[in-house]
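Each remark here refers to the structure printed beneath this line.
The values are calculated or read from the model by the stated rules, or taken from the named source; none is laboratory data. None of these values were measured; they are calculated from a predicted model. Using ideal geometry, Cβ is built from the backbone for each residue, glycine included, and neighbour counts are taken over all protein chains shown. Note: accessible area is taken over every heavy atom of the protein model, side chains too, but ligands, DNA and RNA are not part of it. Shrake-Rupley method; radii C 1.70, N 1.55, O 1.52, S 1.80 Å.
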Amino acid sequence: MYTIEVIAKVLEAKTHITNSKAVIKNLLIDSRRIAFPATSLFFALQSSRRDGFNFIEELYKQGVTNFVVTQLPEVNKFFDANFLLVNDTLQALQQLAAWHRSHFRYPVIGITGSNGKTIVKEWLYQLLTPEYNVIRSPRSFNSQIGVPLSVWQMSSQHNLAIFEAGISQPNEMDKLEYIIRPTIGILTNIGEAHKEGFESEEQKLKEKLQLFTHAETLFCNNDNKVVNESLSSLSIPHIQSWSLQKDAGLFIQKIEKQEHQTIITALYNQSDNITITIPFTDSASIENAITCWNVCLFLKLSHFTIAERMTQLQAVDMRLQLLKAVNGCSLINDSYSFDINSFNIALDFLMQQHQYSSKTIIISDFAIVTDDSYYYQIADVLAIKKINRVVTIGENWYRLQSILKDKIKRSTHFISMQSYLNQLHTSQFHNEVILLKGARKFGFERIVTQLVDKVHSTVMEINLTALAHNLKAYQRQLQPGTKLMAMIKAGGYGSGSAEVASVLQYHKVDYLAVAYADEGVELRKAAISLPIVVLNVDEAAFEAIIDNNLEPELFSFGILKAFNNYLFKQGIQQYPVHIKLDTGMHRLGFEEKDLPELTAILINTKSIAVKSVFTHLAASEAKEEDPFTQQQYDIFNRCSNRLQKALKYNFIRHIANSAAIFRHPAIQLDMVRLGIGLYGVDSANEYQLQLQTVCTLKTTIAQLRWINAGDTVGYNRRGKVDKKELIATLRIGYADGVSRRLSNYVGSVWIKGKLAPIIGNVCMDMLMVIATDIEGVQEGDEVEIFGKNIPVQLVAQLCGTIAYEVLTGINQRVKRIYIEE
């Protein structure tokens with residue numbers, strides 16, 4: 001905790017200060033992650049994609065009044081703001097973190113290497129937490145920005161710090177060393193990962209070793225000759241090495257891999273015979289576990305304690321993704337980078353997929369020009385592993401394709417990604433596990449898209465222009481200053497989340513809300529930067545939530561305590577959350593009687609910051625239930641005021657949904673939640689707003705046939721005709737989301753400007769309609785199931801349900817097509 005005046009002196013900044021005693025507790029570089037605006041200092045970082053300076057006004061409106069900038073804005077627009085003017089905001093961020101680090105004297109572990117940094121850090125945390133109060137890098141915060149943000153979390157409450165340091169080019173590590181200033185160093189696996197920015201492995205290693213310039217002790221693997229030679233240039237008092245050879249403090253005598261575990265036997269300091277068992281069998285995990293073992297021994301944990309905790313090590317999920325793919329396949333997506341070491345790790349993961357007898361690898365050239373011997377090495381490994389099929393992409397593999405000819409049963413080679421995509425078809429893969437291993441520049445995500453793509457002739461057409469029109473129609477109903485949260489749960493009510501979110505972001509809504517974390521992850525992958533609330537949260541989603549800057553709704557003590565504990569274990573503080581109150585809906589939420597316990601938890605945790613408090617109206621669209629709606633508001637107002645008083649900081653309050661926005665304007669409060677109305681459905685059926693149709697479900701005619709009087713159509717012969725009729729069979733059925741309740745003259749479709757009644761039962765993949773009176777109808781003609789001509793509300797009414805169910809019930813195999821008028 002420092003005042004802005006103190007920080008200004010540390011940074012030697014020119015100043016425009018209106019409040020010299022403003023207290024700074026939090027460093028902020030992302031406008032999406034504001035928890036406590038009044039005590040945050042925003043660094044306006046600059047990159048090729050964006051300039052933080054452009055977000056100052058937005059941040060100021062959210063309560064941030066302290067800024068580090070390279071140029072002063074029009075300060076009269078920010079009458080109570082403090083500005084520190086520096087030459088380089090990133091350098092200032094690093095300088096401040098380094099100064100903060102200098103206040104602490106407890107051990108600081110700095111970790112660097114090509115692979116394994118995050119795993120070693122997390123495993124050390126698991127192993128050492130009982131003895132130490134550890135502060136560590138959140139997730140993989142090891143960059144020029146991530147390191148200072150990590151170090152800033154150091155406090156006198158801790159007695160051990162563990163920080164990662166990663167570099168991608170020369171002259172970066174000296175800056176990280178200055179910030180971390182580790183007393184203990186760990187050098188993990190040194191391989192070819194991130195080699196692209198360096199002239200040689202020796203140069204990369206030399207740069208990484210700068211992290212240990214002032215370290216007293218260094219842990220490393222002594223079997224790497226290049227490492228041994230490079231260490232001689234450092235004046236580190238104590239080298240604590242491990243090795244498969246005898247000249248090391250921790251001499252690994254035996255590694256015994258079993259079905260689900262590995263037993264490792266070693267000689268420590270040439271006197272103690274010791275053993276550990278870890279619940280992993282892959283080589284990378286074994287190496288990382290040995291590194292952690294060596295550190296624990298140095299820190300004088302007993303052999304018994306170490307051995308016991310090693311058996312309980314938990315996996316740290318990294319980049320590899322195992323995805324469901326086409327035709328009964330699974331897809332391992334590891335297309336972030338390509339080097340020998342990461343390839344071996346990915347290959348090891350591939351071989352663990354024993355549920356598939358057939359294994360395929362799609363592999364690119366290395367990212368950088370390298371010796372042909374690396375390609376020969378890979379060919380040998382693929383042969384040893386008995387890979388069934390290999391597809392190579394790139395000029396080097398194409399040139400060297402003969403080295404795979406006699407080693408792999410099936411191998412094909414393409415000189416470029418485009419040449420491969422030109423012939424790629426999902427029918428090429430059946431009941432196999434596929435590893436994608438490619439350098440980033442090859443864009444292997446295009447293969448991922450093809451292999452997980454869902455193709456179906458029926459389409460849902462999404463009119464993005466109509467969606468924007470509806471958004472503006474509701475925005476015009478809002479009180480000045482009221483924020484808007486757009487609900488895009490259930491895939492944007494069936495419309496497709498990412499595409500809808502892009503439009504909403506362009507039109508500057510304040511928040512998005514999704515049902516599950518997976519939906520939020522997809523939005524982040526689609527470059528959606530808006531704050532995103534996850535409404536249905538369970539413990540399995542915590543990691544995805546943190547990794548993707550998602551904000552969870554917390555609705556019970558169980559989920560609140562579980563998330564709070566997870567944040568604490570991850571070393572994360574002041575993570576934004578949204579508290580759900582139950583005021584009469586009786587679905588999810590804390591009740592009024594829960595407030596004493598709830599406030600006690602929120603007051604006594606540093607891990608959580610309440611971003612908003614809200615409730616859900618049960619019947620805002622129904623006039624006869626207006627007294628109950630008022631009752632819900634009264635309860636919410638009472639409860640949120642109690643929370644406000646207890647927490648002593650402001651949060652957003654919201655209660656109004658789509659219908660309440662215009663039916664109950666007095667309770668719009670700080671924010672409203674716009675859901676089904678955004679998609680053109682007036683849930684109140686009052687038609688006060690001129691909404692436009694967003695979603696149109698379409699298919700085509702597969703076949704036309706004439707049938708005679710007395711003939712029947714479909715299963716159970718339910719559809720019977722009294723005269724000769726023309727029957728059109730459509731390429732859509734209940735598996736696509738068309739309800740069977742529309743069968744046999746209940747529902748109709750729109751063909752060439754006329755209604756065509758459904759005859760017979762709706763089938764799984766088809767339905768039949770009478771097309772006798774439709775002039776010029778042909779096979780292949782377009783058919784509207786619902787849209788402008790048949791409102792989705794009408795379809796819902798015929799099915800005895802609501803429009804929500806109809807829209808969200810459209811199967812994901814139905815391809816979404818987006819139009820903008």
Quickly run through the range 227-244 and pick out the residues that are surrounded by 11 or more Cβ atoms within 10 Å (Cβ to Cβ) and in a loop (DSSP other than H, G, I, E, B). LEU234, ILE236, LEU244
Residue that is nearest to ARG816 (Cα to Cα), among those in the range 721-734 that are in a strand (DSSP E or B) and open to solvent by less than 10 Å² (accessible area, probe 1.4 Å): LEU730
Taking the condition in a loop (DSSP other than H, G, I, E, B), touching a residue at least 60 places away in the same chain (Cβ under 8 Å) and β-branched (Val, Ile, Thr), does ILE701 pass? no
Tell me yes or no: at least one residue of the range 97-109 is within 30 Å of ILE286 (Cα to Cα), touching a Lys or Arg at 6+ places or on another chain (Cβ under 9 Å) and either modelled with pLDDT of 95 or more or open to solvent by less than 10 Å² (accessible area, probe 1.4 Å) (or both). yes
Of the residues in the range 132-141, those that are outside any loop (DSSP other than H, G, I, E, B) and basic (Lys, Arg) number 1
Out of everything in the range 559-570 that is in contact with a helix residue (DSSP H, G or I) (Cβ under 9 Å, 6 or more places away or on another chain) and open to solvent by 10 Å² or more (accessible area, probe 1.4 Å), what residue ends up being farthest from ASN26 (Cα to Cα)? ILE559
Exception for ALA248 within (1) open to solvent by less than 70 Å² (accessible area, probe 1.4 Å); (2) more than 20 Å from LEU127 (Cα to Cα); (3) assigned to a strand (DSSP E or B) falls at (3)
Look through the range 705-720, keep the residues that are at pLDDT below 90 and in a loop (DSSP other than H, G, I, E, B), and return whichever of them is nearest to GLY776 (Cα to Cα). GLY714
May I ask you to list the residues in the range 83-131 that are assigned to a strand (DSSP E or B) and either under 30 Å from the mean Cα position of the chain (by Cα) or more than 30 Å from ILE56 (Cβ to Cβ) (or both)? VAL108, ILE109, GLY110, ILE111, THR112, ASN115
Quick one: is ALA702 over 13 Å from GLN477 (Cβ atoms), among the hydrophobic types (A, V, I, L, M, F, W, C) and at pLDDT below 95? yes
Going by the structure shown, is ASN536 assigned to a helix (DSSP H, G or I) and open to solvent by 20 Å² or more (accessible area, probe 1.4 Å)? no
For the range 583-620: of the residues being among the hydrophobic types (A, V, I, L, M, F, W, C), touching a strand residue (DSSP E or B) at 6+ places or on another chain (Cβ under 8 Å) and part of a loop (DSSP other than H, G, I, E, B), which is nearest to GLN668 (Cα to Cα)? LEU617
Restricting the range 650-666 to residues that are part of a helix (DSSP H, G or I) and among the small types (Gly, Ala, Ser), the residue that is farthest from the chain's Cα centre (by Cα): ALA666
Using the structure shown, decide if VAL577 is at pLDDT 95 or above and of a type in the set (Val, Ile, Thr). yes
Would you list the strands (runs of 3 or more DSSP E) that sit entirely within the range 735-821 and hold 1 or more residues that are without any contact (Cβ under 8 Å) to a residue 60 or more places away in the chain and either buried (at least 18 other Cβ atoms within 10 Å of the Cβ) or basic (Lys, Arg) (or both)? 748-751, 754-759, 767-770
Failed condition for ASN54, given (1) open to solvent by less than 70 Å² (accessible area, probe 1.4 Å); (2) assigned to a helix (DSSP H, G or I); (3) not β-branched (Val, Ile, Thr): (1)
Helices (runs of 4 or more DSSP H) lying entirely in the range 462-517 (those with 2 or more residues that are at pLDDT 80 or above): 464-475, 497-506
Taking THR39 as the residue in question, decide whether it is within 16 Å of THR65 (Cβ to Cβ) and at pLDDT 95 or above. no
Checked ALA22, ALA38, ALA13 against criteria (among the small types (Gly, Ala, Ser), more than 24 Å from the chain's Cα centre (by Cα) and under 25 Å from GLN144 (Cβ atoms)); the one match is ALA13
From the residues in the range 621-652 that are out of contact with any strand residue (DSSP E or B) (no Cβ under 7 Å at 6 or more places or on another chain) and within 19 Å of LEU484 (Cβ to Cβ), which one is surrounded by the fewest Cβ atoms within 10 Å (Cβ to Cβ)? ASN650
Taking ASN564, is it in contact with a Lys or Arg (Cβ under 7 Å, 6 or more places away or on another chain), within 30 Å of ALA161 (Cα to Cα) and at pLDDT 90 or above? no
If the requirement is being touching a strand residue (DSSP E or B) at 6+ places or on another chain (Cβ under 6 Å) and either open to solvent by 50 Å² or more (accessible area, probe 1.4 Å) or within 29 Å of VAL226 (Cβ to Cβ) (or both), which of these qualifies: SER140, SER156, SER150? SER150
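Conditions tested, residue by residue: (1) at pLDDT 95 or above; (2) within 31 Å of the chain's Cα centre (by Cα); (3) closer than 19 Å to HIS578 by Cβ.
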site: PHE590; (1), (2), (3): yes, yes, yes
site: LYS593; (1), (2), (3): yes, no, no
site: LYS623; (1), (2), (3): no, no, no
site: GLN632; (1), (2), (3): no, no, yes
Between a residue in the range 241-270 that is within 18 Å of VAL295 (Cβ to Cβ) and any residue that is of a type outside the set (Ser, Thr, Tyr) and open to solvent by 70 Å² or more (accessible area, probe 1.4 Å), which pairs come within a Cβ distance under 7 Å, given they are 6 or more apart or on different chains? GLY249/ASN269; ILE252/LEU244; ILE264/ILE255; ALA266/GLN253; LEU267/GLN253; LEU267/ASN273
Can you confirm whether the range 24-45 contains a residue that is farther than 25 Å from SER155 by Cα, assigned to a loop (DSSP other than H, G, I, E, B), open to solvent by 50 Å² or more (accessible area, probe 1.4 Å) and not aromatic (Phe, Trp, Tyr)? no
Conditions first: (1) in contact (Cβ under 8 Å) with a residue 60 or more places away in the chain; (2) part of a helix (DSSP H, G or I); (3) touching a helix residue (DSSP H, G or I) at 6+ places or on another chain (Cβ under 6 Å). ALA646 passes all but one, so which condition is the exception? (1)
Here are the criteria: (1) in contact with a Ser or Thr (Cβ under 8 Å, 6 or more places away or on another chain); (2) open to solvent by 10 Å² or more (accessible area, probe 1.4 Å). Tell me which single one PHE444 does not satisfy. (2)
Quick one: VAL694 ticks every box in (1) under 30 Å from GLY584 (Cα atoms); (2) in contact with a helix residue (DSSP H, G or I) (Cβ under 8 Å, 6 or more places away or on another chain) bar one, so which box is it? (1)
